[in-house]
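Report on the structure given below.
The values are calculated or read from the model by the stated rules, or taken from the named source; none is laboratory data. This one's a predicted model, so the numbers in the text were calculated from it and none came from an experiment. Backbone-built Cβ (ideal geometry, glycine too); neighbour counts: all protein chains shown. Remember, those area values only see protein heavy atoms, side chains included, never the ligands or the DNA or RNA. Shrake-Rupley method; radii C 1.70, N 1.55, O 1.52, S 1.80 Å.
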Amino acid sequence: MGLKLSGITVVDLSLFLPGPMMTMMMADQGAEVIKVEPLTGDPARSQAPFEAGQSVWFRNLNRGKQSVALDLKHSAGVAALWALIDRADVFVEGFRPGVIGRLGFGYEAVAARNPRII
């Protein structure tokens, strides 16, 4: 009997190993995970080895997720991320300290808009 996360929506802004691994496990358990990538894509997309034109590294860490590319320095990208946050249960980011706050999505701002978010 394993953990079931169906009905849970996760917005994932993480890159590299720890965040994507955690949200991959959440997707494996049934969560809807929406991976938000920069317009240039997750850097792991270009990491070898490749199989069938895809990075094995990226594919393995991001299986079961939906991806969307947003520019968080422009109003359309900011509005799109807020729309995702509004319906999310979990918000994951892995930026350097202070970056998410400078982008306007620090915990206080996110929790004020969506009090149930983790």
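Entry note, the chain: relative contact order of 28 percent, from Cα contacts under 8 Å with a spacing of 6+ residues. So, in nm, how far is label D28 from label L72 when the simple model puts each one 7 Å beyond its Cα toward the Cβ? Between D28 and L72, the simple spin-label model gives 2.6 nm. Looking at segment 1-95 alone, DSSP beta bridges between its own residues are antiparallel in about 15 percent of cases. Mind checking which of I85, I34, I100 has the largest fluctuation in a GNM of the chain, springs on alpha carbons under 10 Å? Evaluated over the chain, the most mobile residue of the options is I100. Protein heavy-atom surface of the chain, 1.4 angstrom probe: 62% of the accessible area is carbon and sulfur, with nucleic acids and ligands not counted. Cα extents for segment 16-83 along the principal axes, largest to smallest and rounded to whole angstrom: 36, 27, 20.
Using the Cβ atoms and a cut-off under 15 Å, what net charge is assigned to the surroundings of G106, where Lys and Arg are +1 and Asp and Glu are -1? Net of charged neighbours comes to +1.
Its Cα gyration tensor gives the chain an equivalent ellipsoid. The semi-axes, each the square root of 5 times an eigenvalue, are 23, 19, 12 Å from largest down. A simple packing score, the average count of other Cβ atoms within 10 Å per residue, orders the peptides 11-23, 66-78 as 11-23, 66-78, with the highest score first.
Taking all protein chains into account, the per residue accessible area for the chain stands at 58 Å² (1.4 Å probe).
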